[in-house]
Amino acid sequence: MSTGATGRIEITDLGIEFSRNGRTVEAVRAFTLMTTPGEIVALLGPSGCGKTTVLNAVAGFVAPTAGQVAVDGEAVAAPGADRGVVFQQHSLFPWKTVLGNVEFGLKMRGVGKAARTAQARTYLSLVGLIGFEHAYPGELSGGMQQRVGIARVLVNRPRVMLMDEPFGALDAQTRLTMQELLLSVWREVRTTILFVTHDIDEALFLADRVAVMTARPGQIRDLVAVKLARPRAATVIATPEFMALKARILTQVREESVRALSGRRP
Amino acid sequence: MAPAPDGGWQRPVRRVLSIGFFFVVWHYSTKWDVDLYVRFQNIPTPWEVLEEAAAQLRGAAFYGHILASLERIWLGFAVATVLGIALGLLIGWFRLAEDTLFPPIELLRPIPAVAWVPLSIMLWPTERSSIVFITTLGAFFPIVLNTVHGVEGIDRQLVRAATSLGAGSAAIFREVVIPGALPSIVTGLSVGMGVSWICLISAEMISGQFGVGYFTWVAYGIVKYSQVVVGMLTIGVLGMLSSALIRLVGWRCMPWLPRRVKDGG
Ligand SMILES: Nc1ncnc2c1ncn2[C@@H]1O[C@H](COP(=O)(O)OP(=O)(O)O)[C@@H](O)[C@H]1O
Ligand SMILES: [Mg+2]
């Protein structure tokens, strides 16, 4: 598995603008964030504040208008298997089986069929999907599809795993199960995770640090260290420490949500 | 196929009764020589058609016509499939191909393939090649357009997912674009097969010396009306079988699609 040395995301003074119909939208401004290898950082903020845009810049899907993004000292120029992405939903290849989806990255690297299957099965068992190798994504529940999405990224042993509201489309019970599963998987692989969410409980439950963003153009408003002991049980959300952190973040997020609404003029 | 939950055994019975009713109406319309603006005096009865069909099936000439038509369909459809899918994938995925290849296709598309018959006779040296050309033309447009449509409808997120898993442009084309467009391509093949039968029969009626279309048209000329209907039914059966074949191959190529969608298609 990856050593402690890889997975350092360095986002410096990032600015991203989109032009649409001649109008310019400034999605992100002067955004700076560093991650420590192996940590989980949650990116939290009101809808439309630029969370996905930041994540897409690290993935290499969008180019910065200003500033730099680097992973382990290498500037991000294009998407690559060292920065795997788990999307909110519907991102598995519908025409490939579960195994075919998880093997995809290995196939791209030219790994032979037998080795590919063996490695894919290792990661499928990590996410608890042994027995579903030959199912198609359309036959799986939303939670199972997201587990395939995680295995498909981890099989590449990426430096960082980028997750964009990966559990946002799941029901509350499944979401909790998936959060616990993600933590148990992370204990095994120890890859850096940048996790986008607008759910405060989710951010605090998962992360070592929570980056609270301002309304668009998104900047970091507060960087909250979450010193809750690991492994964390689901009941941690009822502890006084958790409540205190939640109250602090909630105040900020509400202010930014109000600002996002009042700032939005047609 | 299982009976639908809402109809139970009643649905198949209704369907059989509906066909039975059709034959009863046909039988009495022709038997009584109904003349209500629409005239049935010259129309053969179901029994005359049945006798004629049996007679044709015993002779060799009939099979010769069927084989001639099948060969033309197969050739024309194969050429249209290869050209249509290849061009459709390129036009759908590469802007340069869209700008350079698509305009002439869009220009020619509204012209029904049958309108090409005179030009086709001038262009091609043999009757066979000119009829195959018409058949190709008929199938080509639905195939190419549906392929383009399929490629353009591919979810961009799947392309992003592939690139962030290490896929280069060739791999994206092979692993995402082609399978992503496949359902639409199969739709195009299905429509194309129907259109190419229409074109084949029209071309054979206008300029042929063989084929089921020719057989049907000649029968009319020599006043063998039951033979006309046998020709029509043969065309119907052949068209149905070739569509079923396309659907079957389509299902085989797309095991990920739910059964429900397949039955609907
Ligand atoms: N491709 C794009 N073109 C134009 N505007 C965009 C594009 N992507 C995002 N935006 C805008 O940038 C802002 C931030 O979007 P996003 O990063 O998706 O927010 P979040 O993920 O926090 O909800 C939004 O106002 C959105 O409308
Ligand atoms: Mg988003």
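The values are calculated or read from the model by the stated rules, or taken from the named source; none is laboratory data. Source: prediction; values computed, not measured. Cβ: placed from backbone, ideal geometry, glycine included. Neighbour counts: every protein chain shown. These accessible areas exclude ligands, DNA and RNA; they are computed on the full protein's heavy atoms, side chains included. Shrake-Rupley method; radii C 1.70, N 1.55, O 1.52, S 1.80 Å.
One table, with the values for the structure above:
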| item | result |
| --- | --- |
| Qualifying residue in segment A:91-104 (condition: modelled with pLDDT of 95 or more and within 11 Å of ligand 1 (Cβ to nearest atom)) | no |
| Condition check for A:Ala30: among the aliphatic types (A, V, I, L, M), open to solvent by 40 Å² or more (accessible area, probe 1.4 Å) and either in a strand (DSSP E or B) or more than 14 Å from chain B (Cβ to nearest Cβ) (or both) | yes |
| Whichever residue in segment A:157-170 is over 11 Å from A:Ser91 (Cβ atoms) and buried (at least 24 other Cβ atoms within 10 Å of the Cβ) and, among such residues, is farthest from ligand 2 (Cβ to nearest atom) | A:Pro158 |
| Test: A:Val127 is away from ligand 1 (no atom under 16 Å from the Cβ), β-branched (Val, Ile, Thr) and not assigned by TED's automatic domain parsing to the domain that holds A:Thr214 | yes |
| Residue selected from segment A:62-76 under the condition aliphatic (A, V, I, L, M) and open to solvent by less than 40 Å² (accessible area, probe 1.4 Å), by the criterion nearest to ligand 1 (Cβ to nearest atom) | A:Val62 |
| Scan of segment A:190-221 for residues that are away from ligand 1 (no atom under 16 Å from the Cβ), open to solvent by 10 Å² or more (accessible area, probe 1.4 Å) and not in a loop (DSSP other than H, G, I, E, B), ordered by number | A:Asp201, A:Arg209 |
| Filter result for the condition that a residue is more than 10 Å from chain B (Cβ to nearest Cβ), within 16 Å of ligand 1 (Cβ to nearest atom) and touching a residue at least 12 places away in the same chain (Cβ under 8 Å), over A:Phe132, A:Phe167 | A:Phe167 |
| Test for A:Met178: is it assigned by TED's automatic domain parsing to the domain that holds A:Val71 and at pLDDT 95 or above | yes |
| Qualifying position, being of a type in the set (D, E, K, R), open to solvent by 40 Å² or more (accessible area, probe 1.4 Å), more than 24 Å from the chain's Cα centre (by Cα) and at pLDDT below 95, among B:Arg39, B:Arg58 | B:Arg39 |
| Residue ID - least open to solvent (accessible area, probe 1.4 Å), chosen from residues in segment B:152-163 that are more than 21 Å from A:Asn156 (Cβ to Cβ) and touching a Phe, Trp or Tyr at 6+ places or on another chain (Cβ under 9 Å) | B:Ile154 |
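Residue by residue, here is whether (1) within 11 Å of ligand 1 (Cβ to nearest atom); (2) surrounded by fewer than 23 Cβ atoms within 10 Å (Cβ to Cβ); (3) within 20 Å of A:Met161 (Cβ to Cβ); (4) not aromatic (Phe, Trp, Tyr) holds:
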residue	(1), (2), (3), (4)
A:Gly7	no, no, yes, yes
A:Glu26	yes, yes, no, yes
A:Pro37	no, yes, yes, yes
A:Val54	yes, no, yes, yes
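Residue by residue, here is whether (1) open to solvent by 30 Å² or more (accessible area, probe 1.4 Å); (2) within 13 Å of another protein chain (Cβ to nearest Cβ); (3) not basic (Lys, Arg) holds:
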| position | (1), (2), (3) |
| --- | --- |
| A:Gly60 | no, yes, yes |
| A:Phe104 | no, yes, yes |
| A:Ala115 | yes, no, yes |
| A:Val127 | no, no, yes |
| A:Leu140 | no, yes, yes |
| A:Arg152 | no, yes, no |
| A:Ala172 | yes, no, yes |
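Here is a yes/no grid of residues against (1) open to solvent by 20 Å² or more (accessible area, probe 1.4 Å); (2) not aromatic (Phe, Trp, Tyr):
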{"site": "B:Leu165", "(1), (2)": "no, yes"}
{"site": "B:Ala170", "(1), (2)": "yes, yes"}
{"site": "B:Arg174", "(1), (2)": "yes, yes"}
{"site": "B:Met205", "(1), (2)": "yes, yes"}
{"site": "B:Tyr214", "(1), (2)": "yes, no"}
{"site": "B:Met232", "(1), (2)": "yes, yes"}
{"site": "B:Ser243", "(1), (2)": "yes, yes"}
